[in-house]
Amino acid sequence: MNAVYWGLTALSIMGHGDALDRDEMVDFVMSCWDEEAGAFSAHPDHDAHLLSTLSAIQILLMQNALNRVDIDRVLKFILSLQTPSGVFAGDAFWETDTRFVYCAVNALSLLGKLDALDIEKTVAYIRRCRNFDGGFGHVAGAESHASQVFVCVAALAILDRLDEVDQPTLCWWLSERQRPNGGLNGRPEKLEDVCYSFWVLSALAILDKLAWIDSSKLEAFILSVQDTESGGIADRPGDMPDVFHMIFGLAGLSLLGYPGLVDLDPGVLHACEHHRKFGSQEGVEGFAEKDFVICIGIAVGLRSSHHATTDESNTGVQAVECHYVAMIVSYIPTIC
Ligand SMILES: [Zn+2]
């Protein structure tokens, strides 16, 4: 499910959101409906999970097909996963993580159901995850990590609670993520990785501090990671491209204003502002009528190793032919 969302969004950033067969995609999403739980799983006959439920909502919204979903049941599923501390679990096995807080907040916002959430309790848990360096960890007391910074800052932004962020300290920490070769890492002493082009950059964009990193060096790094034979983008030069790093590399380039890509406004904010403005069902219809609003979702450690094919006539970011993403539909996602 996540791979479908990543592939669809990557295509949409490149202006080819209609490259995939819409009905086939919607049918796949609906085949992942877990009737017992009232939510979506990552693959047919798997158990429902908050992450795949968010991806399903995002895909269906982008395909103007959210009317296929029993929203009341999904709402009940999401709310059932919040613990008394305010953190969310991902599924019935009760692993808790700020990633799942973000999934819940974003999903509820997209459904126009944020009023059903105990916002104070949710914000209180995110506050407990804030560290001395301004960053956020996956649970209270855990080390700051750039992807957790994204999920916490984005959730706070959706909830209009960015006052909870120590902005100068956090933006200093985020800008320290840039390494001499221009790439960004997720925490100190780690290697650079293309996916942090989104996790770090999106948080800086939300806080209006994109200028705190060297954009041209980051752009050059992302472009250097593209496989010029297959067209895909890997985590770092020489590695195998995959759809996960494809979307986050493209999202990073879009945030940097790279020519020819759809503007990404840092993602969820645009979509969620829209939904809050229009309310539930009306908002859903309004969303679909817009030309395109990308709602970047959380991605959790899925790596695939499929090759892309390229349109050699293009330069810079090469166009990826649609069957690259189409074959990802049959890939069984693994959440790690
Ligand atoms: Zn990565």
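Please treat every number below as a calculation from the coordinates, not as lab data. Just so it is clear, the model here is predicted, and its values are computed rather than measured. Cβ atoms come from the backbone with ideal geometry, glycine included; neighbour counts cover every protein chain shown.
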Could you tell me whether residue 14 is over 20 Å from residue 96 (Cβ atoms) and crowded, with 22+ Cβ neighbours inside 10 Å? no
Pairs, please: C-beta under 7 Å, at least 6 apart or cross-chain, first residue free of Cβ contacts under 8 Å to residues at least 12 places away in the same chain and in the range 233-249, second away from the ligand (no atom under 12 Å from the Cβ)? none
If a residue must be in contact with a Ser or Thr (Cβ under 9 Å, 6 or more places away or on another chain) and part of a helix (DSSP H, G or I), how many such residues does the range 126-148 contain? 3
If residue 231 satisfies every condition in (1) in a loop (DSSP other than H, G, I, E, B); (2) surrounded by 22 or more Cβ atoms within 10 Å (Cβ to Cβ); (3) within 16 Å of the ligand (Cβ to nearest atom) but one, which is the exception? (3)
Checked the range 64-123 for anything of a type in the set (Ser, Thr, Tyr) and within 18 Å of residue 5 (Cβ to Cβ); matches are 102, 109
Select from the range 189-214 the residues that are touching a residue at least 12 places away in the same chain (Cβ under 8 Å) and of a type in the set (D, E, K, R) and write down the one among them that is farthest from the ligand (Cβ to nearest atom). 209
Test: residue in the range 8-20 that is among the β-branched types (Val, Ile, Thr), within 14 Å of residue 60 (Cα to Cα) and touching a Lys or Arg at 6+ places or on another chain (Cβ under 9 Å): no
Given the conditions (1) out of contact with any Pro (no Cβ under 7 Å at 6 or more places or on another chain); (2) in contact (Cβ under 8 Å) with a residue 60 or more places away in the chain; (3) farther than 25 Å from residue 153 by Cα, every one holds for residue 38 apart from (2)
Just need a number here: residues in the range 154-188 that are under 17 Å from residue 137 (Cβ atoms), more than 16 Å from the ligand (Cβ to nearest atom) and not in a helix (DSSP H, G or I). 4
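Yes/no per residue for (1) under 20 Å from the mean Cα position of the chain (by Cα); (2) farther than 30 Å from residue 258 by Cβ; (3) among the β-branched types (Val, Ile, Thr):
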{"site": "4", "(1), (2), (3)": "yes, no, yes"}
{"site": "16", "(1), (2), (3)": "yes, no, no"}
{"site": "35", "(1), (2), (3)": "no, yes, no"}
{"site": "38", "(1), (2), (3)": "no, yes, no"}
{"site": "64", "(1), (2), (3)": "yes, no, no"}
{"site": "78", "(1), (2), (3)": "yes, yes, yes"}
{"site": "99", "(1), (2), (3)": "yes, no, no"}
Would you check if there is a residue in the range 168-176 being touching a Phe, Trp or Tyr at 6+ places or on another chain (Cβ under 6 Å) and within 28 Å of residue 114 (Cβ to Cβ)? yes
Helices (runs of 4 or more DSSP H) fully within the range 21-125 counting 2 or more residues that are among the aromatic types (Phe, Trp, Tyr): 98-110
Look at residue 223 and say whether it is more than 16 Å from the ligand (Cβ to nearest atom), of a type outside the set (Ser, Thr, Tyr) and surrounded by fewer than 18 Cβ atoms within 10 Å (Cβ to Cβ). yes
Hey, does the range 238-253 have a residue that's of a type in the set (Phe, Trp, Tyr), part of a loop (DSSP other than H, G, I, E, B) and within 23 Å of residue 17 (Cβ to Cβ)? no
Tell me whether the range 116-130 contains one or more residues that are under 17 Å from residue 147 (Cα atoms) and over 22 Å from the mean Cα position of the chain (by Cα). yes
